[in-house]
1. Among the residues of the stretch 84-99, write down those that are surrounded by fewer than 12 Cβ atoms within 10 Å (Cβ to Cβ) and either modelled with pLDDT under 95 or closer than 13 Å to residue 55 by Cβ (or both).
2. Counting only residues that are out of contact with any Leu (no Cβ under 9 Å at 6 or more places or on another chain) and surrounded by fewer than 18 Cβ atoms within 10 Å (Cβ to Cβ), how many does the stretch 3-19 have?
3. Given the structure, is residue 102 over 14 Å from residue 14 (Cβ atoms), surrounded by 11 or more Cβ atoms within 10 Å (Cβ to Cβ) and more than 16 Å from the ligand (Cβ to nearest atom)?
4. If a residue has to be within 13 Å of the ligand (Cβ to nearest atom) and either among the polar types (S, T, N, Q) or crowded, with 19+ Cβ neighbours inside 10 Å (or both) to count, how many in the stretch 34-57 make the cut?
5. Quick one: count up the residues across the stretch 109-124 that are touching a residue at least 60 places away in the same chain (Cβ under 8 Å), among the hydrophobic types (A, V, I, L, M, F, W, C) and more than 10 Å from the ligand (Cβ to nearest atom).
6. Got at least one residue in the stretch 60-69 being more than 14 Å from the ligand (Cβ to nearest atom), assigned to a helix (DSSP H, G or I), of a type in the set (A, V, I, L, M, F, W, C) and within 17 Å of the chain's Cα centre (by Cα)?
7. Kindly indicate which of 106, 46, 89 is closer than 17 Å to residue 23 by Cα and of a type outside the set (Gly, Ala, Ser).
8. In the stretch 12-54, how many residues are under 14 Å from the mean Cα position of the chain (by Cα) and acidic (Asp, Glu)?
Amino acid sequence: MVAYCWDSTLETGHEIIDTQHKQLFEAINKLLDTCRVRKGSEELTKNLDFLNTYTIKHFFDEEKIQQKYNYPDYPNHKEYHDTFKARVKDLTHRLIWSGPTEGLIKEVHSSIGDWLVSHIKIQDFKLAQYIKSKDVVS
Ligand SMILES: [Fe+2]
């Protein structure tokens with residue numbers, strides 16, 4: 001069963017952002033699969049490494065877009081990203097340390113997957129809307 005399904009309600013309409021979001025969803029689903037079947041720690045470490053690296057890449061790219069468009073909410077948006085990056089890193093350490101316990105799997109859902117869904121629907125939608133309005137003007 002796929003934990004986080006991509007659908008049109010998650011589409012911001014910005015091609016790069018949407019493509020990277022899909023990739024993040026895939027990474028989270030893979031991580032949850034690995035946790036559920038309790039595959040070896042090597043697989044878990046590989047999934048976590050990818051999630052951390054890709055999160056950093058995606059946020060970097062998204063922040064570059066925000067700067068390019070002089071997005072007024074950039075400082076707040078960046079703070080949300082920084083907090084999330086730190087949370088993923090912290091959860092990574094705990095998952096590697098204690099293995100995928102029920103409690104930690106719940107945290108992957110609430111602090112990573114559910115957070116991403118609501119961040120996309122609120123913050124990234126707001127950003128995409130702003131970019132669209134700028135693109136029409138220019
Ligand atoms: Fe974002």
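The values are calculated or read from the model by the stated rules, or taken from the named source; none is laboratory data. Everything quoted here is computed from the prediction, not taken from an experiment. Methodologically, a virtual Cβ is constructed for each residue, glycine included, from the backbone with ideal geometry; neighbour enumeration extends over all protein chains shown.
1. 86, 97, 98
2. 10
3. no
4. Counting residues in the stretch 34-57 that are within 13 Å of the ligand (Cβ to nearest atom) and either among the polar types (S, T, N, Q) or crowded, with 19+ Cβ neighbours inside 10 Å (or both) gives 1.
5. 2
6. The answer is no; no qualifying residue exists.
7. Result of the check over 106, 46, 89: 46.
8. Selection size over the stretch 12-54: 3.
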